[in-house]
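Engineer: Following this message is one structure expressed as structure tokens.
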Amino acid sequence: MENKTVVIIGGGIIGSAIGFQLSSLGNKVVIVDKGPFQESCSAHSFAWVNASSKSPIGYHSLCRTSVNKWPTFAKQLGTEVGLNLNGTIKWENSEEGADLARQRVETLQSWNYPVQIVDEDFIKAKDPSINIKNMTFGQYIPNEGHVEPKRVIDACQFKIKENGGEIINSCAVTGFQKDAGSQRITGVISSTGTISCDTVVIAAGTGTQQLADLLDIYIPLLESPGVVAWTDPQPKTLHGIIMSPAINDGTYPGNDEQSEVHIRQRVDGSYQMVNERGGIGNHHEQNDDSQEKAENLLLHLTEYFPQLKTATAIAEPVGYRPMPEDKFPVLGYDESWGNVYISVMHSGVTLAALVGEYVATEINYDVQIPELEEYRPARFKK
Ligand SMILES: Cc1cc2nc3c(=O)[nH]c(=O)nc-3n(C[C@H](O)[C@H](O)[C@H](O)COP(=O)(O)OP(=O)(O)OC[C@H]3O[C@@H](n4cnc5c(N)ncnc54)[C@H](O)[C@@H]3O)c2cc1C
């Protein structure tokens, strides 16, 4: 087996995780990213590492395997990446919400997923600062949590360089050097010149469709905007991920019985907040990234977390999820260009630990991992 030169287009969490694993196997990795980081999806992620919101069971299992791999992956990176697997706490405040949540817990338990029904005392013991109101149902998922994508990316890229690879930033890929005879790509054409490669990985997030189009590869992505907001650093109080129901009495405009408010706390003490929709596979599509919206979200969260009353809300511009048309990951070689590997997905933070390893295994050893068969790019037809 010969080591390859692999050019990875996209230095978000997916491209960086793949690059780290490929370089650890002895391949020469070159990551090319047009930047800036703030425009990548990884910069906007809520970064919940989970399988509890995933269906059907095959996709749930893929995510679950990745959740389980995160501790090993973080250890391999050898530095603080903000991995917190202290669990997800979620509760409801309506009978309708309780019924839906109970059904989901039953499904997860039938899949032997570690989830338990809990009462207010349990939640208060885990997170004493929470002021729970009108709880109708509570659950705790002990194996899940969150991570800090920027720290993961920096750690992967540091290792790639340590392993002899290269990171080229502020460099947009605009085309491909093709060898029509062999149907292979011999280089990527970028704003700073042509970079030769044996294999190219397109891990360009929402930019993947446009790059694939240049090779007549059809990867349909949906537009999926989402908004998160932050606070300034606060004393450490939160244990893990908290998913609370929105207060739906008209106090906080725009909420209905499916609305939720989620929160997590990073290593530096800042909180990340998001207004979400309950339900499986729901991705709340939002465009309002105003300061007013961020302040309203923070005010809402002070109902449950009084310690946030002195925090300052920080708005963040809309982020765009790389959302394949059927909402499932796209992973594998293109059928016509034999050395072009596509890697694009939503839930890339959850999946990075697994995808990095699986994609590197497929490219390095020229094998096909059976678990990835249903996610191949060839499933999309024009
Ligand atoms: C609001 C929100 C909440 C989310 N919450 C979660 C969550 O809780 N859990 C979870 O698992 N996932 C979540 N996600 C999704 C997750 O963040 C993404 O799936 C993941 O970040 C995708 O990573 P990526 O590396 O594929 O893409 P990106 O991070 O977007 O990286 C792609 C990179 O490619 C580069 N690029 C693009 N085109 C080119 C080009 N032509 N030349 C060179 N470089 C190029 C870009 O500059 C970018 O840096 C969320 C997303 C959003 C928006």
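The values are calculated or read from the model by the stated rules, or taken from the named source; none is laboratory data. Bear in mind the structure is a predicted one, so any value in this text is a computation, not a measurement. Cβ atoms come from the backbone with ideal geometry, glycine included; neighbour counts cover every protein chain shown.
Engineer: Just wondering, is there one or more residues in segment 49-69 that are within 16 Å of the ligand (Cβ to nearest atom), at pLDDT 95 or above and farther than 22 Å from Pro322 by Cα?
Structural biologist: Yes.
Engineer: When the residues of segment 261-277 are narrowed to those that are surrounded by 22 or more Cβ atoms within 10 Å (Cβ to Cβ) and over 17 Å from the mean Cα position of the chain (by Cα), which ends up modelled with the highest pLDDT?
Structural biologist: Looking at residues that are surrounded by 22 or more Cβ atoms within 10 Å (Cβ to Cβ) and over 17 Å from the mean Cα position of the chain (by Cα), I get Tyr271.
Engineer: Within segment 20-36, does at least one residue satisfy the condition of being surrounded by fewer than 19 Cβ atoms within 10 Å (Cβ to Cβ) and in contact with a Pro (Cβ under 8 Å, 6 or more places away or on another chain)?
Structural biologist: No, segment 20-36 has no match at all.
Engineer: Still on this structure, please answer the following. Given the conditions (1) of a type in the set (Asp, Glu); (2) modelled with pLDDT under 95; (3) under 30 Å from Gln38 (Cα atoms), report the number of the one that Glu148 does not fulfil.
Structural biologist: (2)
Engineer: For segment 17-42, which positions are near the ligand (Cβ under 7 Å from one of its atoms) and in contact (Cβ under 8 Å) with a residue 60 or more places away in the chain?
Structural biologist: If the condition is that a residue be near the ligand (Cβ under 7 Å from one of its atoms) and in contact (Cβ under 8 Å) with a residue 60 or more places away in the chain, then Val32, Asp33, Lys34, Gly35, Phe37, Ser40, Cys41, Ser42 are the ones that fit.
Engineer: Let me ask something else about it. Could you please give the count of residues in segment 189-201 that are outside any loop (DSSP other than H, G, I, E, B) and away from the ligand (no atom under 13 Å from the Cβ)?
Structural biologist: The total comes to 4.
Engineer: Something else now. May I ask you to list the residues in segment 282-301 that are exposed (fewer than 14 other Cβ atoms within 10 Å of the Cβ) and either within 18 Å of the chain's Cα centre (by Cα) or of a type in the set (A, V, I, L, M) (or both)?
Structural biologist: Matches in segment 282-301: Asn282 only.
Engineer: Further question: Do the conditions hold for Glu292, that is, is it out of contact with any Lys or Arg (no Cβ under 9 Å at 6 or more places or on another chain), touching a residue at least 40 places away in the same chain (Cβ under 8 Å), assigned by TED's automatic domain parsing to the domain that holds Lys133 and of a type in the set (D, E, K, R)?
Structural biologist: No; evaluated as a whole, the condition is false for this residue.
Engineer: Here's another thing I want to ask about it. Mind counting the residues in segment 202-246 that are surrounded by 23 or more Cβ atoms within 10 Å (Cβ to Cβ), of a type in the set (Ser, Thr, Tyr), within 13 Å of the ligand (Cβ to nearest atom) and not in a helix (DSSP H, G or I)?
Structural biologist: The number of residues fulfilling the criteria is 0.
Engineer: Further question: Which one is farthest from the ligand (Cβ to nearest atom), of the residues in segment 161-188 that are over 18 Å from Gly19 (Cα atoms), of a type in the set (Val, Ile, Thr) and surrounded by 14 or more Cβ atoms within 10 Å (Cβ to Cβ)?
Structural biologist: Thr186
Engineer: Can you give me the ranges of the helices (runs of 4 or more DSSP H) entirely in segment 55-131 with at least 2 residues that are closer than 15 Å to Asn143 by Cβ?
Structural biologist: 57-77, 95-110
Engineer: Could you say which residue among Ile363, Ile342, Ile369 is at pLDDT 95 or above, of a type in the set (A, V, I, L, M) and within 13 Å of the ligand (Cβ to nearest atom)?
Structural biologist: None of the other options fit; the residue is Ile342.
Engineer: Then there is this: Residue by residue through segment 50-95, note down the ones that are among the aliphatic types (A, V, I, L, M) and surrounded by 17 or more Cβ atoms within 10 Å (Cβ to Cβ).
Structural biologist: Ala51, Leu62, Val67, Ala74, Leu77, Val81, Leu83, Leu85, Ile89
Engineer: Within segment 247-267, can you find the residues that are of a type in the set (A, V, I, L, M) and assigned to a loop (DSSP other than H, G, I, E, B)?
Structural biologist: Ile247, Val267
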